[in-house]
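S.K.: Shown below is the structure under consideration.
The values are calculated or read from the model by the stated rules, or taken from the named source; none is laboratory data. Small disclaimer: the values here were computed from a predicted structure and weren't measured. Quick reminder, even Gly has a Cβ in these numbers, built from the backbone with ideal geometry, and neighbours come from all protein chains shown.
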Amino acid sequence: MCFGPFTRICHWGPLTALGIIKFVTGMTMHCNSMLWPAHSAGSFLNSALFVTLSGLTLYNFLSSMYHGPGYLPLGWKPNKEQDCEYLQSCGVCHGYKAPRSHHCRKCGRCVMKMDHHCPWINNCVGWGNHAHFTLFLLFATLGCLQASVILGRTLYRSIHRMHYLYYGTENEPIIQFGLYGMIMCVLALGLSIGVVVAVGMLFYFQLRAIIRNRTGIEDWILEKANFRRRNSDEKFVFPYDLGPWKNFFQVFNFSCHPIGDGVSWPVVKNCDQYTITREQLQQKNEKRLKAKIYSIVKPASGYWFPFKHGFKVCINFPFTDEPRIKLEVGDKVMVTRWRKYWLFGEKIQRDLPVGEESLLRTRGWFPRRCAVELIENNEDEAGIASTSRHRISEKKVE
């Protein structure tokens, strides 16, 4: 999917974020002007600091949105043909996935060093914009922390204005809000405190990921790698953890421009560029061996809240943004994840001409009560699905 400059920002995420930034900034500046005399040093210092933090927040927000994470070229292949066996192929981008790269279904491209897709910037966070995104989180948290103090102090003085009027020293500012002013101040204070808590936590997780040199996806890969080796003395060595300082400066520099090419990465001793991709392939093979085939006995609408399947199904939905798929009676699905009320799997497609768009994988969540497990022919069906995907990938890469 391609995004123009206006399409990128015309989305509920960026518009909401910009609205919060503008509203909190405007209300904080208004309250600051009431707390301090117009030409006092306190007013100037508070205003200058807050405007600086607000400006840096906006700058890094737009930079992380428009610089983007960096995408692999369509049809990308490694320089050495024999290295293709260590990589997964991408049928959508007609190429292979480089180490640390993953396909984002919302962006429609393979993203270099993908961490996650952020709806607030309507873009992925990855190699190209990791520094700007982290700084956006930092300055947003600091700016809203200062805003919370200013707004809270203003609200307190407004509520207790009669006390300061009769018992004050006449040096305290007397602040009086109307109904709408009070509502807006409370709303701005609530938003700023919410940003401090929520965005502050997200900043902590991003900073921790940078120091460890692990993306959110790689955390999951490492967890599964250690789980696979839980009964053996072998331990999986994460190849990109070079130490806190080297990891930190692999993301941050004075210009915040991305370092390297996004494809080749320095690795620790006894590891190579394909250490983690080989582990991914092994995990994928094990996942395929554990998969079970289900037959659809009730149609699945593909809705996030399929009320016709019961209240419990709706309230116990999978807490993920992965898609829900539409299925018809008689369809067969290779299921790889199980929940009490939901299943995650890939629809098995047969007898379709290789090379057509219809061969793109259809996978996602659907209600468990729509399907029954096929005890017989599980291995045969899984083999057919695996062969079909292999044919599709080979055709797309050629």
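S.K.: Out of the stretch 192-224, which residues are among the small types (Gly, Ala, Ser) and at pLDDT 95 or above?
M.R.: SER192, GLY194, ALA198, GLY200, ALA209
S.K.: Residue check, ILE325 against (1) over 24 Å from the mean Cα position of the chain (by Cα); (2) at pLDDT 90 or above; (3) aliphatic (A, V, I, L, M), all met but one. Which one?
M.R.: (1)
S.K.: With respect to the numbered conditions (1) part of a loop (DSSP other than H, G, I, E, B); (2) surrounded by 13 or more Cβ atoms within 10 Å (Cβ to Cβ), which one is the sole condition not fulfilled by THR57?
M.R.: For THR57, the failing item is (1).
S.K.: While we're looking at this one, here's another question. Yes or no: the stretch 233-256 includes at least one residue that is under 22 Å from the mean Cα position of the chain (by Cα) and hydroxyl-bearing (Ser, Thr, Tyr).
M.R.: yes
S.K.: Next question, about the same structure. With respect to PRO367, determine if the residue is modelled with pLDDT of 95 or more, surrounded by 14 or more Cβ atoms within 10 Å (Cβ to Cβ) and farther than 25 Å from SER101 by Cα.
M.R.: yes
S.K.: State whether one or more residues within the stretch 278-289 are touching a strand residue (DSSP E or B) at 6+ places or on another chain (Cβ under 9 Å) and either within 22 Å of CYS84 (Cα to Cα) or not assigned by TED's automatic domain parsing to the domain that holds TYR86 (or both).
M.R.: Narrowing the stretch 278-289 to residues touching a strand residue (DSSP E or B) at 6+ places or on another chain (Cβ under 9 Å): 287-288.
Cutting the leftovers down to either within 22 Å of CYS84 (Cα to Cα) or not assigned by TED's automatic domain parsing to the domain that holds TYR86 (or both) gives us 287-288.
So far as the stretch 278-289 goes, yes, one or more of its residues are touching a strand residue (DSSP E or B) at 6+ places or on another chain (Cβ under 9 Å) and either within 22 Å of CYS84 (Cα to Cα) or not assigned by TED's automatic domain parsing to the domain that holds TYR86 (or both).
S.K.: Now, a different point. Return only the number of the condition from (1) modelled with pLDDT under 90; (2) in contact with a helix residue (DSSP H, G or I) (Cβ under 6 Å, 6 or more places away or on another chain) that MET27 does not satisfy.
M.R.: So MET27 meets the others, but not (1).
S.K.: So in the stretch 265-283, with the set limited to residues that are of a type outside the set (A, V, I, L, M, F, W, C) and touching a Leu at 6+ places or on another chain (Cβ under 7 Å), which one is surrounded by the most Cβ atoms within 10 Å (Cβ to Cβ)? Before the answer, list the steps.
M.R.: We begin by selecting, within the stretch 265-283, every residue of a type outside the set (A, V, I, L, M, F, W, C); these are 266, 269-270, 272-275, 277-280, 282-283.
Checking which are touching a Leu at 6+ places or on another chain (Cβ under 7 Å) leaves us with 266, 277.
Details: PRO266: 13, THR277: 23.
Out of the qualifying residues, it is THR277.
S.K.: Identify, from the list SER295, SER232, the residue that is of a type in the set (Ser, Thr, Tyr), more than 23 Å from THR215 (Cα to Cα) and assigned by TED's automatic domain parsing to the domain that holds LEU374.
M.R.: Going through SER295, SER232 in turn, just one is of a type in the set (Ser, Thr, Tyr), more than 23 Å from THR215 (Cα to Cα) and assigned by TED's automatic domain parsing to the domain that holds LEU374: SER295.
S.K.: Let me ask something else about it. Within the set of pairs 6 or more residues apart or between chains, which connect a residue that is of a type in the set (Ser, Thr, Tyr) inside the stretch 221-249 to a residue that is modelled with pLDDT of 90 or more with Cβ atoms less than 6 Å apart?
M.R.: Going by the 6 Å Cβ cut-off, the qualifying pairs are TYR240/ASN213; TYR240/TRP265.
S.K.: Let me ask something else. Within the set of pairs 6+ apart or on separate chains, which have a first residue in the stretch 137-154 that is more than 14 Å from SER47 (Cα to Cα), a second that is among the aromatic types (Phe, Trp, Tyr), and C-beta atoms under 6 Å apart?
M.R.: Short answer, once both residue conditions are applied: LEU137/PHE203; LEU138/PHE203; THR141/PHE203.
S.K.: Just give me the residues in the stretch 260-274 being aliphatic (A, V, I, L, M) and farther than 21 Å from CYS110 by Cα, in sequence order.
M.R.: Across the stretch 260-274, the qualifying residues are VAL267, VAL268.
S.K.: What do you reckon, is VAL186 among the aliphatic types (A, V, I, L, M), touching a residue at least 24 places away in the same chain (Cβ under 8 Å) and either part of a helix (DSSP H, G or I) or touching a helix residue (DSSP H, G or I) at 6+ places or on another chain (Cβ under 7 Å) (or both)?
M.R.: Answer is yes for this residue.
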